[in-house]
Amino acid sequence: SSITEFLLLALADTREQQLLHFWLFLSIYLIALLSNGLIITTIACDHRLHTPMYFFLLNLSVLSTVLLKAMASSVWDTKAVSYLGCAAQLFL
């Protein structure tokens, strides 16, 4: 007996609410992506910010993963996440 996949619980029951959640999460994801790009650009362009603390912030900005599988499952009505996919998202 081994685990091959996990099931995601839906945030909403109706299709309209699922799409509303998708657009809400997409807007939050895009704002986070833009702010991470701003952090990366600022640290890369300013040589005074090449210190270990800002290097750590740069790595966090590059490696952020936010709600991608949950957004995809709300659009395509899929509930399963593979074990390797879950482990990869947790690792990143």
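The values are calculated or read from the model by the stated rules, or taken from the named source; none is laboratory data. Small disclaimer: the values here were computed from a predicted structure and weren't measured. Counting neighbours? That spans all protein chains shown, and the Cβs are built from the backbone with ideal geometry, glycine included. Only protein heavy atoms, including side chains, enter the accessible area calculation; ligands, DNA and RNA are left aside. Shrake-Rupley method; radii C 1.70, N 1.55, O 1.52, S 1.80 Å.
Some observations on this one:
- Kirkwood hydrodynamic radius over Cα pairs of the range 1-54, then Stokes diffusion coefficient at 10 °C and 1.306 mPa s, in µm²/s: 107
- Folded to 0 to 90 degrees: helix 52-62 orientation relative to the chain principal axis, Cα: 30
- The chain, Cα convex hull volume normalised per residue, Å³: 101
- Residue-normalised accessible area of the range 2-91, given per residue in Å² at a 1.4 Å probe: 77
- Label-zone membership for the range 1-31, site Val75, 7 angstrom Cα→C-beta point, backbone N under 20 Å: 8-31
- Heavy-atom accessible area, probed at 1.4 angstrom with all protein chains present, ranks Tyr29, Tyr54, Tyr83 as Tyr83, Tyr54, Tyr29, highest first.
- Two-site label geometry, Leu26 and Asp13: point separation in nm, points 7 Å out along Cα→Cβ: 2.6
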